[in-house]
There are 2 protein chains.
Amino acid sequence: MDIPYKTYLTESEVPEAWYNVRADMKVKPSPLLNPCTLKPVTAEEASHIFCDELVKQEMDDTTPWFPIPKEIRDFYRMFRPSPLIRAYFLERALGTPAKIYYKFEGNNTSGSHKLNSAIAQAYYAKEQGLKGVTTETGAGQWGTALSMACAFFGLDCKVYMVKCSYEQKPFRREVMRTYGAQVTPSPSMLTEVGRRINEEHPGTTGSLGCAISEAVEDAVTHEGYRYVLGSVLAQVLLHQSIIGLEAKAAMGKLGVKPDVIIGCAGGGSNLGGLIAPFMGEKLRGERDYRFVAVEPASCPSLTRGRYAYDFCDTGKVCPLQKMYTLGCDFIPSANHAGGLRYHGMSATLSELYAQGLMEAKSVKQTDVFEAATLFARTEGTLPAPESSHAIRAAIDEALECKRTGEAKTILFGLTGTGYFDLKAYESYNNGTMGDYIPTDADLEASFAKLPKVG
Amino acid sequence: MDIPYKTYLTESEVPEAWYNVRADMKVKPSPLLNPCTLKPVTAEEASHIFCDELVKQEMDDTTPWFPIPKEIRDFYRMFRPSPLIRAYFLERALGTPAKIYYKFEGNNTSGSHKLNSAIAQAYYAKEQGLKGVTTETGAGQWGTALSMACAFFGLDCKVYMVKCSYEQKPFRREVMRTYGAQVTPSPSMLTEVGRRINEEHPGTTGSLGCAISEAVEDAVTHEGYRYVLGSVLAQVLLHQSIIGLEAKAAMGKLGVKPDVIIGCAGGGSNLGGLIAPFMGEKLRGERDYRFVAVEPASCPSLTRGRYAYDFCDTGKVCPLQKMYTLGCDFIPSANHAGGLRYHGMSATLSELYAQGLMEAKSVKQTDVFEAATLFARTEGTLPAPESSHAIRAAIDEALECKRTGEAKTILFGLTGTGYFDLKAYESYNNGTMGDYIPTDADLEASFAKLPKVG
């Protein structure tokens, strides 16, 4: 074992700027459209909802590097650099000649990479002199990360949590409350949209789309508040580039280069962050890599979706984005990988995929949990169901190497831990987990409702 | 910030031997006694319960260093070296001149330091050619750790889980099952002692002492099984010395020395491991340190117990040990810090305390959660309730420094994370948490039942 099991950068080696992959793209992602005018969203329009500095980051597709403010780098020291791990024990269990590395982002209380962007967004809100931020959360990872970030800067944090999750995941709720967040089950009676939905659908357990609408209304109707979002947006991919930058620097220290880079893809925040600097090399013609996005067969936006303008939210109050989408009315079947249930995909990743610069594959849930269990028992860490999609694909790649005798170097993103997903593990352990795959007819019905734009 | 926020040893700096503090004690801990004969347990007797190699370690109070087998060091690479963290953000929040460091053992799926000994014990069981091991678990940390270790070596793992924890912590149960363990609530109807306790105390929610009795009975009545224990024993303190050895090496790299070293104390595994090499220096007259054991006011074995021979388990099937004890029949009131509910204390730590080489204090649960919440909001990590006892004492020490102006260097052990303790946080967040302190009469009644030995 010449290569250490874990590689940490020293504090002085940690990147001091985020990388904006759009700067190196010849064909840029299409702009966001205002849902009323269907014209590109202006900075002025966006600044009613988002913090000013984040609007700038969102709209800037030419500046390659954004310095990371010192206050954010200070906070990053609590959980960054994250380790780059050589999966020796998994390799041994598979009997593969492949060399498997993973970048582990779960060593923090939010349990995932979401904290990388949460602290950045909280910081800019604080800098702007705001009182607080609002957001929605489904599975709860983003809400937890944002609560931690707001606690650090003394910002007010209002989280609208989809009512069924609020009731089914009381532990996530309590973590957020421990960090001082105000957690409200959605739909609530605190907003007009919430009251209307409660009136029209008595007893509803809510939806992410509804929670987004409530969080946005709360932000725009209260002085000193803005809305923040944990995935999909270009600003989020920018902040998450810290994952790929650290991974690249650590591999550089070891003198190795990945042949293939694999990440799970829901809204795209982790995958976009992990591949960013490697994709930059590819875009600039400096080096070639294979990139693989892995999505659940139950919610296959890249592999079976349409590349079209669509609403970012089910409630159709948010801007439209050109992306691979299953249609904003598409509701995936019950699927334990909560973080991968989004109907669309980051516009940046969508454009890279459309240009053939990235591959995508979908995997079935039971196959994902089989991989997760093998990973837990060999590498120790209990992985998040979302992350386990990448594990599945990495294992399949390594088994293919075993067949061909190739000793490829594989890098994948282990975005988080599964400590709050034990209901899903329980159903896998009990043999009651199913696979849910939409039919072509389901998807066609959904595509038929796509907005007619451009 | 000249001192990094986190300090990791390199893999080559990680200790390759455990340190046995008993070797440097002039007055040794008293030997274990056979519960039938009341004579010192022989190696032959002990080997019916424990693995042979672990019996040797248990009985050896003269050899200072035990080389760590390569297979164990390989496994340690998954989660060791653990970071030594300078609590800059907590210091700032307290406005203290004290310098606070903590050794964080929670960055692994078991969520605590217990894995350090679990993998060692599983290794020796495997080496002896056993089929499997049995054990008890309270909060679930030890059971999780042992499940992970057994999965790694392909050993069968049977866990008796204290019933109140089994019911409060279903997720802990599922983690263990994911790693392949068989988990049974204790007292169960699977063992004679379990059936007896259920009959004598109908509706009991169990205790560690009772679960120990069940696990031991299971081991001695099944061919190819041995019992393993996660705390209290000298062998466990030996394995846990890795914590202190790494902490000492990391502080050495930074050129700092702690003035006071603080650890929570249930059975003593974390505290004993953390202080071991520092205590060695003190015992050899090389340097003085203050050591502080922190226990819950609800289960105050050191601060209010008797130093006497007592049974290690409620069922009175295990050997007797001379230790600070509340009496093996003492059942602490409902107390969310499950890992600190043990009626006794490591014999080694008891003897060090009796000799005046270590201090002890007890803290109230609500004060502990106040400290835990402050820690979470400043340092990011949501701490385990057990660990938060040490946080409380470290904060009190730092606030005393603020009063006096002293810039003491404080080191404490952050043994684990609180991700599975959110029921307790919920009751604290809701203001419904109470403090449970036994009366003198309660304790006198329990002391009256102590066995008459020697």
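Tabulated data for the structure shown
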| item | result |
| --- | --- |
| Residue in segment B:300-341 that is least open to solvent (accessible area, probe 1.4 Å), counting only those that are among the charged types (D, E, K, R) and modelled with pLDDT of 90 or more | B:Asp310 |
| Residue in segment A:405-413 that is in contact (Cβ under 8 Å) with a residue 12 or more places away in the chain, open to solvent by less than 30 Å² (accessible area, probe 1.4 Å) and closer than 18 Å to A:Gly266 by Cβ present | yes |
| Total residues in segment B:178-227, condition within 14 Å of chain A (Cβ to nearest Cβ) and touching a helix residue (DSSP H, G or I) at 6+ places or on another chain (Cβ under 7 Å) | 5 |
| Unmet criterion (only one of (1) of a type in the set (Asp, Glu); (2) touching a strand residue (DSSP E or B) at 6+ places or on another chain (Cβ under 8 Å); (3) farther than 30 Å from B:Thr10 by Cβ) for A:Glu45 | (2) |
| Options B:Ala211, B:Ala234; residue that is farther than 18 Å from B:Lys316 by Cα and in contact (Cβ under 8 Å) with a residue 40 or more places away in the chain | B:Ala234 |
| Hits in segment A:1-58 (condition: among the charged types (D, E, K, R) and without any contact (Cβ under 8 Å) to a residue 12 or more places away in the chain) | A:Asp2, A:Lys39, A:Glu44, A:Glu45 |
| Test result for A:Leu115, without any contact (Cβ under 8 Å) to a residue 40 or more places away in the chain and under 30 Å from A:Gly252 (Cβ atoms) | yes |
| Single match in A:Ala265, A:Ala234 (criterion: under 29 Å from A:Pro385 (Cα atoms) and open to solvent by 10 Å² or more (accessible area, probe 1.4 Å)) | A:Ala234 |
| Any chance A:Ala139 is in contact (Cβ under 8 Å) with a residue 40 or more places away in the chain and assigned to a helix (DSSP H, G or I) | no |
| Selection status of B:Gly95, at pLDDT below 95, more than 25 Å from B:Glu217 (Cα to Cα) and among the small types (Gly, Ala, Ser) | no |
| Enumeration of residues in segment A:237-250 that are out of contact with any strand residue (DSSP E or B) (no Cβ under 7 Å at 6 or more places or on another chain), over 20 Å from A:Arg341 (Cβ atoms) and open to solvent by 10 Å² or more (accessible area, probe 1.4 Å) | A:Lys248, A:Ala249 |
| Which listed residue, of A:Asp288, A:Asp367, is open to solvent by 40 Å² or more (accessible area, probe 1.4 Å), in a loop (DSSP other than H, G, I, E, B) and of a type in the set (Asp, Glu) | A:Asp288 |
| Selection count, segment B:10-29, where residues are over 16 Å from B:Leu274 (Cα atoms), out of contact with any Ser or Thr (no Cβ under 9 Å at 6 or more places or on another chain) and not charged (D, E, K, R) | 3 |
| Search result, residues across segment A:372-410 that are over 25 Å from the mean Cα position of the chain (by Cα), away from every other protein chain (no Cβ under 14 Å) and not polar (S, T, N, Q) | A:Leu399, A:Glu400, A:Cys401, A:Lys402, A:Arg403, A:Gly405, A:Glu406, A:Ala407, A:Lys408 |
| Single residue of segment B:120-142 satisfying the filter (of a type in the set (Val, Ile, Thr) and more than 15 Å from the chain's Cα centre (by Cα)) that is surrounded by the fewest Cβ atoms within 10 Å (Cβ to Cβ) | B:Thr134 |
| Filter result for the condition that a residue is basic (Lys, Arg), surrounded by fewer than 24 Cβ atoms within 10 Å (Cβ to Cβ) and in contact with a Leu (Cβ under 8 Å, 6 or more places away or on another chain), over A:Lys257, A:Lys253 | A:Lys253 |
| Qualifying residue in segment A:424-432 (condition: away from every other protein chain (no Cβ under 14 Å) and touching a residue at least 24 places away in the same chain (Cβ under 8 Å)) | no |
| From A:Glu444, A:Glu386, residue being within 30 Å of A:Ser30 (Cβ to Cβ) and surrounded by fewer than 17 Cβ atoms within 10 Å (Cβ to Cβ) | A:Glu444 |
| Candidate set: segment B:347-371, residues that are more than 21 Å from B:Pro258 (Cβ to Cβ) and among the hydroxyl-bearing types (Ser, Thr, Tyr); chosen: the one nearest to the other protein chains (Cβ to nearest Cβ) | B:Thr366 |
| Unmet requirement for A:Gly206, which otherwise passes all of (1) part of a loop (DSSP other than H, G, I, E, B); (2) out of contact with any strand residue (DSSP E or B) (no Cβ under 6 Å at 6 or more places or on another chain) | (2) |
| Identity of the residue in segment B:175-191, within 30 Å of A:Ala87 (Cα to Cα) and not small (Gly, Ala, Ser), that ends up surrounded by the fewest Cβ atoms within 10 Å (Cβ to Cβ) | B:Gln182 |
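Condition check ((1) within 18 Å of the chain's Cα centre (by Cα); (2) within 13 Å of chain B (Cβ to nearest Cβ); (3) in a helix (DSSP H, G or I); (4) surrounded by fewer than 24 Cβ atoms within 10 Å (Cβ to Cβ)) across all residues:
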position	(1), (2), (3), (4)
A:Thr144	yes, yes, yes, no
A:Ala149	yes, yes, yes, no
A:Cys157	no, yes, no, no
A:Tyr160	no, no, no, no
A:Ser165	no, no, yes, yes
A:Arg173	no, yes, yes, no
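The values are calculated or read from the model by the stated rules, or taken from the named source; none is laboratory data. If you're wondering where the values come from, they're calculated on a predicted model, not measured in any experiment. Positions of Cβ are backbone-derived with ideal geometry, glycine not excepted, and every protein chain shown enters the neighbour counts. All accessible areas refer to the heavy atoms of the entire protein, side chains included, with ligands and DNA or RNA removed. Shrake-Rupley method; radii C 1.70, N 1.55, O 1.52, S 1.80 Å.
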